[in-house]
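First comes the structure, then the notes that go with it.
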Amino acid sequence: MRLAGFYGFAALVVLLPLLFPNDYFVIVVGASAGLHAILAVGLNLLVGYAGQISLGHAAFFGMGAYASAILTTRFGWPGLLALLAGLLVAGLLAWLLARPILRLRGHYLAMATLGFGVIVHVILVQATDWTGGPDGLSGIPPLNLSGWTVEGDLQWYGVIAAAMLLAIWLSLNLVDSQIGRALRAVHGSEFAAQMMGIDTASAKTRVFVVSALFAAFAGSLFAHQQAFVSPDSFNLAVSVELVTMVVLGGIASTFGAACGAIALTLLRQGLVVFEDYEMLIHGALLMAVMIFLPQGLFVGLGQALRTGLRRCGLGRRRDRHRSLSTAGVQDPGSPP
Amino acid sequence: MRSGWWRSMSAAALLLWGGLQVASAMEPIRIGAFLTLTGPSASLGDPELKTLRSYIADLNAKGGVIGRTIELHDCDTGGNAQQAIACVKRLIEQDRVDLLIGGSTTGDTMAVIPAVEQARIPLISLAGGIEIIDPVKHWVFKTPHTDRMAVAKIYANLRKRGLTKVALITGDGGFDQSGRAQLHQLAPQYGIAIVADETYGNQDADMTAQLARIKASNAQAIINFGFGQAPAVVTRDAKQLGITLPLYQSHGVVSQSFIEQAGAAAEGVRLPAAALVVAEQLPDANPQKPVLLAYKRRYESQYGPVSTFGGHAYDGLMIAVAAIRRAGDVDKAKLRDEIERTSGLIGVAGVFEMTPEDHVGLNADAFRMVEIHNGSWRLLP
Amino acid sequence: MPEQLFQFLLTGITVGSLYALVGLGFALIYNASDVVNFAQGEFVMLGAMLTIALLGAGLPLPLAALAATGLTVLVGLLLERFAIEPALGAPVVSTIIITIGAAIFLRGAALLLWGKDFHRLPAFSGDAPIQLGSATLLPQSLWVLGGTALLVLGVRFFFERTRPGKALLACSYNRTAAQLVGINVRVMLRLAYGLSAGLGALAGILIAPITFSSYEAGVMLGLKGFSAAIVGGMGNPMGAVVGGLLLGVLESLGAGLISSGYKDAIAFLFVLMVLFFEPTGLFGHKVAERV
């Protein structure tokens, strides 16, 4: 496991609020980026390592958020219990859906996940008695973590940063584990993986459930942080944006996914100054990055850097004991 | 020598103190506006921002308010409630505004209320939902009529025409749904029976299926509580199906673009509207008339056709400015108290009389029933 | 009830033909490049908005429509040349993100050019509804149905009787084999994008008098068109047409008979059901996986 990079990243995440405790951009936008990172890292396990496209991931995000929202406001459940309930619901649904959906391939799979996402969104909008309808639910009580109530932007930054680091750590562990290797085998060639004796269906199901759990977890945190949820945050556009984050950062790279999430979140905030030109620039940037760095920002820049360093005579020797690297799947090193 | 030293010292101290006072008095008044400038509700935020900019420029040109210039900080929520929360946080924490005007939609407004209450900053909302001020929230006020008033106006007009069975058709937006809730809630009070209750998606291109069902019911009138392009589609589809029942719209369509898009089908459609659109038809003795005409003239000379949503922004700004003048400074708690004491302020939406229990200060008289006739608005008696 | 059913069907077929046309565009590009072009909905929007703009500038309707279609085809070709071609060889997912970026870009351009308002094209032959028994139809719907039929037949003819059309089909069956036979795949790609853009633009112009156009009009249409193409079997142009009609009718029936609020959910449930029983769509090629 690439520990050096992870610790470096963690140090940066901890350092930022200490240097800029009152900066809106760092604390509030940073927290938002952190949540997106958790979502992207979870989605990356599905898209990057298992090679399954999902255009409905926002649905699981929404499930976690609404579970927390509904159970704490209408039934008075404690926050942590509601969070667990959200995880349970999302995980169960993912497990039930996995078998039939994951039989599909490519664009058909994309469509099926898209359809699932739309159905969940429609229910969130229409089932007004439960979900508060299009105007959502407000007044969600603050999250209580065994005595400590999380209140204020700085505290939320801390909680989300910790959750994000946990998610990245889990993902890195998973990728390097037996399950991770099985997944990459599946991504490379499902048939070959089956021939090797890997139960591909169960591997794919498991990663689907895990990525759903990541999303639901992020959803619950989101609900308490905002004290408000509405269906607008869980629609198709959000699902597409999540996939964009994963691909932008670099498929099959945990840090890439986190990178893409943070980059895109910052970009959206930064572009706001352009007002009416925001959409135009946003689209142009997306196209430009994908055209010139088709492997994604993180992976692409990493490669460029490594090539540059090697040309200058620096850089590491190729690690001969790298883990299984199947065709077409990158196994990137630590962040540059 | 010593007395001379003391004299110069005290003179210096006095100058310093005086200078500080002047410096703080020179601090601009910062107003934060979070509006929907893009997205499906952009037709709300756009005239609102233009109105704010125009009148703030005017006030600054005349020397500002309490001797200080007004600085407007605006932020686009895109109609996304989460973005509204981010906007408000930025306005409060980074831009350090003294007062908030916005959101353009009920959804945006409700989403930011926790943050506003935590920051203890007054908020004047430009949205219509009754839940914004009912139950009353200490720091939250609003300027447009509530959707409950709109529904009351529609039902009163129906009773006058002897129609009691209505069919509802609403969209999936927040405005639509809270209007629908009010329609259900007030129906028994006016003796109205709801015999059909259809919904559509705000992006839908065709509502003939829902209208066919309404046609087959025994409804005597149709109420479409919607916003955006959908009500125009509903109106045209109703004509296409040959439905001759009276069609009522909400104040969400008080705009020239609705008349243009609905075309000939809009003839005879009735809706509650702020008096702004029929300002010329008001009797001269009406105290609102001069204010309305002045606003209309100024907006139209600068930007084009006037919109009632811009009028709400005008009201919000005027209430805020009057409160600042009465308070003498921009201490947030003092400002809030003065806003609550707004009385007799003639605005575009009506005459405002706020109380601790009533944070909108309008009554249903401020709404007028109008009818679309020959492509323009006609005030109904 | 039966009379209303007829009305629902009529509405469904009208809306369905629109989905069919958009889906056709998706199928064409997919055939030539294995890529789903998420900017397809924007081609539809551009066709409508450009026509409205040109009409406003004083051009007569047929000329405006023609010019708008031509301009949209140009946009499609430019998109292919500057955004897709430089990325040939990149993973499919990356190319999809490029088309998503292109869609956002086009939407942003439309926002700058024409603002946030909704615009309407006047109906081609008036607004007087046509009575068909107890149901009514707008004259414009006839234009939509007729136009769709003509375009579909045209595309069919193109694929079955013309050289470039057959070459395009060959690309979809087996790109390498097509190249071996001397077909210039790059040119085929350009042709596909241009054709899809043109089809999209025409669909937009046909439907603009019924719906309203704005810079965001392409999003929903793109989504429904994509669904139509998938249901029919990705890559099968006629399948996309059938898929579109089915989707439109089901949506209308769902709204009319079950619940208007949940109609989108019902439509997508149908799509999911189709995919569960036919993983490659109703008429899709049965994909043989290369081991």
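A compact table of results
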read-out	value
Residue match in region C:63-85 (condition: without any contact (Cβ under 8 Å) to a residue 24 or more places away in the chain, closer than 25 Å to A:L236 by Cα and within 12 Å of another protein chain (Cβ to nearest Cβ))	yes
Any hit, region A:138-151, residues being more than 28 Å from A:V14 (Cα to Cα) and of a type outside the set (D, E)	yes
Search result, residues across region C:92-126 that are touching a helix residue (DSSP H, G or I) at 6+ places or on another chain (Cβ under 7 Å), surrounded by fewer than 20 Cβ atoms within 10 Å (Cβ to Cβ) and away from chain A (no Cβ under 13 Å)	C:D117, C:A123, C:F124, C:S125, C:G126
Those residues of region B:115-130 which are more than 8 Å from chain A (Cβ to nearest Cβ), under 20 Å from B:F352 (Cβ atoms) and either assigned to a helix (DSSP H, G or I) or at pLDDT below 90 (or both), in sequence order	B:G128, B:I130
Among the residues listed as A:A162, A:A182, A:A167, A:A193, the single one being more than 23 Å from A:R103 (Cβ to Cβ), without any contact (Cβ under 8 Å) to a residue 40 or more places away in the chain and not in a strand (DSSP E or B)	A:A162
Number of the exception - C:D34 against (1) out of contact with any Leu (no Cβ under 6 Å at 6 or more places or on another chain); (2) more than 14 Å from every other protein chain (Cβ to nearest Cβ)	(2)
Single match in B:V112, B:V88 (criterion: in a helix (DSSP H, G or I), crowded, with 22+ Cβ neighbours inside 10 Å, modelled with pLDDT of 85 or more and under 17 Å from the mean Cα position of the chain (by Cα))	B:V112
Candidate set: region A:172-215, residues that are among the hydroxyl-bearing types (S, T, Y) and surrounded by 15 or more Cβ atoms within 10 Å (Cβ to Cβ); chosen: the one modelled with the lowest pLDDT	A:S189
Residue within region A:293-304 that is facing another protein chain (nearest Cβ under 8 Å), part of a helix (DSSP H, G or I) and among the aliphatic types (A, V, I, L, M) present	no
Criterion (at negative phi, of a type outside the set (G, A, S) and in contact with an Asp or Glu (Cβ under 6 Å, 6 or more places away or on another chain)) met by exactly one of C:Y173, C:Y193	C:Y193
Residues (modelled with pLDDT under 85 and either surrounded by fewer than 19 Cβ atoms within 10 Å (Cβ to Cβ) or at positive phi (or both)) located in region C:146-158	C:R156
Pick from region B:115-154, criterion among the hydroxyl-bearing types (S, T, Y) and in contact with a strand residue (DSSP E or B) (Cβ under 8 Å, 6 or more places away or on another chain), ranking: surrounded by the fewest Cβ atoms within 10 Å (Cβ to Cβ)	B:T143
Residue among B:P272, B:P231 that is within 22 Å of the chain's Cα centre (by Cα), surrounded by 22 or more Cβ atoms within 10 Å (Cβ to Cβ) and in a helix (DSSP H, G or I)	B:P231
Verdict on A:I140 being within 22 Å of the chain's Cα centre (by Cα), more than 14 Å from chain C (Cβ to nearest Cβ) and either surrounded by 24 or more Cβ atoms within 10 Å (Cβ to Cβ) or of a type in the set (A, V, I, L, M) (or both)	no
Residue in region C:44-56 that is free of Cβ contacts under 8 Å to residues at least 60 places away in the same chain and among the aliphatic types (A, V, I, L, M) present	yes
Failed item, numbered, when B:N202 is tested on (1) within 13 Å of chain C (Cβ to nearest Cβ); (2) surrounded by 24 or more Cβ atoms within 10 Å (Cβ to Cβ); (3) not hydrophobic (A, V, I, L, M, F, W, C)	(2)
Selection count, region A:25-49, where residues are among the aliphatic types (A, V, I, L, M), closer than 24 Å to C:F226 by Cα and at pLDDT below 90	2
Residues of region B:241-261 classified as in a helix (DSSP H, G or I) and surrounded by 24 or more Cβ atoms within 10 Å (Cβ to Cβ), total	3
Restricting region B:63-91 to residues that are of a type in the set (D, E) and closer than 29 Å to A:P231 by Cβ, the residue that is farthest from the other protein chains (Cβ to nearest Cβ)	B:D74
Number of positions in region C:244-263 that are surrounded by 24 or more Cβ atoms within 10 Å (Cβ to Cβ), in contact (Cβ under 8 Å) with a residue 40 or more places away in the chain and either within 11 Å of another protein chain (Cβ to nearest Cβ) or outside any helix (DSSP H, G or I) (or both)	5
Matching entry among C:A177, C:A197, C:A167 (being more than 13 Å from chain B (Cβ to nearest Cβ), crowded, with 23+ Cβ neighbours inside 10 Å and small (G, A, S))	C:A197
Filter result for B:Y190 (under 29 Å from the mean Cα position of the chain (by Cα), over 15 Å from C:D127 (Cβ atoms), hydroxyl-bearing (S, T, Y) and away from chain C (no Cβ under 14 Å))	yes
Considering residues of region A:224-254 that are assigned to a loop (DSSP other than H, G, I, E, B) and away from chain B (no Cβ under 14 Å) only, the residue surrounded by the most Cβ atoms within 10 Å (Cβ to Cβ)	A:S253
Enumerated helices (runs of 4 or more DSSP H) restricted to region B:285-381, each holding at least 3 residues that are touching a residue at least 24 places away in the same chain (Cβ under 8 Å) and within 25 Å of B:R270 (Cα to Cα)	B:288-302, B:308-327
Test for A:H187: is it touching a residue at least 12 places away in the same chain (Cβ under 8 Å), in contact with a Ser or Thr (Cβ under 7 Å, 6 or more places away or on another chain) and within 14 Å of chain B (Cβ to nearest Cβ)	no
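Yes/no matrix, rows are residues, columns are (1) away from chain C (no Cβ under 14 Å); (2) assigned to a loop (DSSP other than H, G, I, E, B):
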site: A:N22; (1), (2): yes, yes
site: A:V28; (1), (2): yes, no
site: A:A40; (1), (2): no, no
site: A:I70; (1), (2): yes, no
site: A:A94; (1), (2): yes, no
site: A:L104; (1), (2): no, yes
site: A:H107; (1), (2): no, no
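The values are calculated or read from the model by the stated rules, or taken from the named source; none is laboratory data. In this text the structure is predicted, and so the values were computed from the model without any measurement. All Cβ positions, even for glycine, are placed from backbone atoms using ideal geometry, and neighbour counts span all protein chains on display.
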